[in-house]
Amino acid sequence: MTPAETRAAVPPQSADVAESSSEVVTLGEGTVRPTKGAERQPDAGPAPATDTDLPAADAAEPAPAGRRRFQWTRRRQDLAVFGGFLLTAIWVTSQIWMDPAGRVASLYSSDPAQVQFFLAHSVRVVLHGEFPFFTEQFNYPDGVNLMANTAILALGIPMVPVTLLFGPAVTFVLLVTLGLAGTAAAWYFVLSRYVVSNPLAAIVGGWFCGFSPAMLSHASWHPNIISQFLLPFIVWRVIVITRATRPYRDGALLALLVTAQAFINEEILLFTAMGCGIFLIAVAVQRPALWSAAWRPLAKALATCTVIAGALLAYPLYIQFTGPMAYHGLSDAVRDYGNDIAAYLAPGSPTIGGNQRANVNLAPNYSEENAFFGWSLALIAVGIVAWLRREVLVRALAATAAFYTVLSLGERISWWDRELIAGPWEWLVRLPLLDAVVPTRFGMITSVVVAILLALAVERTRTLSLDRRTVRTLTAAGLVLALLPLTPMPLPMTSRPPVPEFITAGRWRAYVGPDQTLVPIPVPSMGNTHGMRWAASTNLDFKIPGGYFLAPRNGNTGDPGRFGGRPSGIGRLLEDVATTGRTPELNDRQRRRSLDDLRYWRAAVLVLPVRQPHSEPLRQTVEQLVGPARLELDVWVWDVRSLTDPRT
């Protein structure tokens, strides 16, 4: 078969990389193994997938008369793998699927409430044409810069029908489920098509990318972080453009992927871009000759990507960095987040071998366990690098993993919570863009590299000079040793207060006008986000003051970031009562300042659920400020329009 005939045989889904695949083979010895039973011609592109490439039954064996033999085709294999990943994701999220609106992660319940608020904002964008990058529906009247707060528009807008039909709580758990399964499926697809030919190798790699301890730790809180299904395609397109024959087209495709990922999570996009750069540099250092052939198409494609993605993202990024309520740099509370070295040697909390108590002080908190491979997988990963050290690809992956592992340790490198030395992050943390990064999350890229190393190791077992039974036994034993302790378990959940009937029945509408606020008691903040869930349940039909978000520290655009808006006297007062359960005796100054806050918010009504913890001390405190309450359905209500309306 001539090269032209071979290219004609490439299936449509591989045609766009057909001319670019030869460079992948040259990245290292055996980087991409040819499909069994097929010889590739130079520049012929990926060999077409056939049923004989897969673990089907012996095709030579005739099917029994009258019965059609089942053919294990590539498509059927893919569907089976995708279904397995989806079932695993449902298993992981099973505790919250039991009651999406009534259950939440047992710790840090504020993040799910924030995400549900953003999902409700997407409904307003689609149905009411609301400005997507800024809102006054919380933190009124100052508002919130949504581009600087990961409003997940690329996830929320496609999910608007689900949010309208079932509510943002259901959309939240659906996104978590699809984020885990979709990330695993996407990595499996890319690995199976372009990196390894052994289906088991691709399954193992995809599995760990989707269900690593780092992914599980974020699953209860951060669907934007675990929705990484575009990343394998971004990585693959970057590799493709190093030898692209149509660099402008390939650059345009990369730009579309980059733009979509920017509206899911910019931090993960930045990590991916950095990782691609480190990997390509590591390859070029080992094989300088590759650079002479790669730099021209790479430069053309990246220039095209920069122009197109820059044009698409220019205005959103302008709002993010210079628009109202924009901030520069993260709060010190999260900028110091780093992994302990020992975190890489312990299993993650939400796994079969994990122990939440044992992981105390090894990670910033349980939602940021971005390492936690366990001793067995950590040693096996090092062993894989030692075994395959002659391959350029493996050495480049090892360099990338080492780079991200060191950065993930943060500004102070520690061992079992004992500080050792200053880390390189101390000198990088103030650089533009990096000043908005949470360093512990660099460990998530290390997890991806380890997943690829596992896939390559399973693939390379075919080269061992041992009989097939021995190879299978060793491979199975290694995978059990590495992955069994990290088997995902259902994420722990706890019950949370329901949205009051006063809200769900629409009784609030008799009080709150378009430019007025409903003030939940206690006032919404980082630690009190139930009011945000109330608003989200109505698709943000009413405004609230305060909330959980990032904003400039002093309310001036360009200041360093902090959690929450400008401090308020009544907000701090009621937060103290909600925490301590003690009713203070208020003086005239406190009353005047609280009334000023209510006027600034244009408050129409204050609402306190009857079943709110410490509801009686809270009711007594508010009554000292604005007078007696009225019980309506399941809440105490204070109509304060006569006190806050400037026209009265």
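Quick notes
- Ordered from largest to smallest accessible area (heavy atoms of protein chains, 1.4 Å probe), the residues I226, I157 come out as I157, I226.
- The figure for E623 is an accessible area of roughly 60 square angstrom, using a 1.4 Å probe on the protein chains alone.
- Helix 288-322 vs. the chain, principal-axis angle (Cα, 0 to 90°, nearest 10): 10
- Within the accessible area of the chain, the carbon and sulfur atoms contribute 61%, probe 1.4 Å, all protein chains present.
- Computed label-point distance, nm, for sites E130 and T583 using a 7 Å Cα→Cβ extension: 3.7
- In nm, spacing of pseudo-spin labels at S106 and E426 (7 Å Cα→C-beta vector): 3.7
- Local net charge near A422, Cβ-Cβ under 13 Å (Lys/Arg +1, Asp/Glu -1): -3
- Highest to lowest packing among 295-306, 422-433, scored as the average C-beta count within 10 Å: 295-306, 422-433
- The long axis of helix 588-601 is offset from the longest Cα principal axis of the chain by roughly 50 degrees.
- Inter-label distance for V610 and L474, nm, one decimal - labels placed 7 Å from Cα along Cα-to-Cβ: 7.1
- Remark: relative contact order (the chain) = 16 percent; criterion is Cα-Cα distance under 8 angstrom and separation of 6 or more residues.
- DSSP assigns beta bridges within the chain; of those with both partners inside it, close to 80 percent run antiparallel.
- Once the C-beta distance of A386 and L433 is scaled by a Förster radius of 35 Å, the resulting FRET efficiency is 0.50 to the nearest 0.05.
- Nearest-20 debye value, the chain charge dipole, Cβ charges on Lys, Arg, Asp, Glu: 920
- Stretchable slack from D332 to L484, in nm (0.36 nm times residue separation minus alpha-carbon distance): 51.0 nm
- Taking the average, over residues, of other Cβ atoms within 10 Å as the packing measure, peptides 87-98, 188-199 rank 188-199, 87-98 from highest down.
- Think of a 1.4 Å ball rolled over the protein heavy atoms: the chain then has 43 Å² of accessible area per residue.
- Helix-only mean residue ellipticity at 222 nm for the chain, each DSSP H run of n ≥ 4 adding -39500 (n - 2.57), per residue, nearest 500: -15500 deg cm²/dmol
- With the largest listed first and rounded to whole Å, the semi-axes of the equivalent ellipsoid of the chain from the Cα gyration tensor are 50, 25, 25.
The values are calculated or read from the model by the stated rules, or taken from the named source; none is laboratory data. Keep in mind the model is a prediction, meaning the values are calculated, not measured. Cβ sites come from the backbone with ideal geometry, for glycine too, and all protein chains shown count toward neighbours. For accessibility, only protein heavy atoms count, side chains too; no ligands or nucleic acids. Shrake-Rupley method; radii C 1.70, N 1.55, O 1.52, S 1.80 Å.
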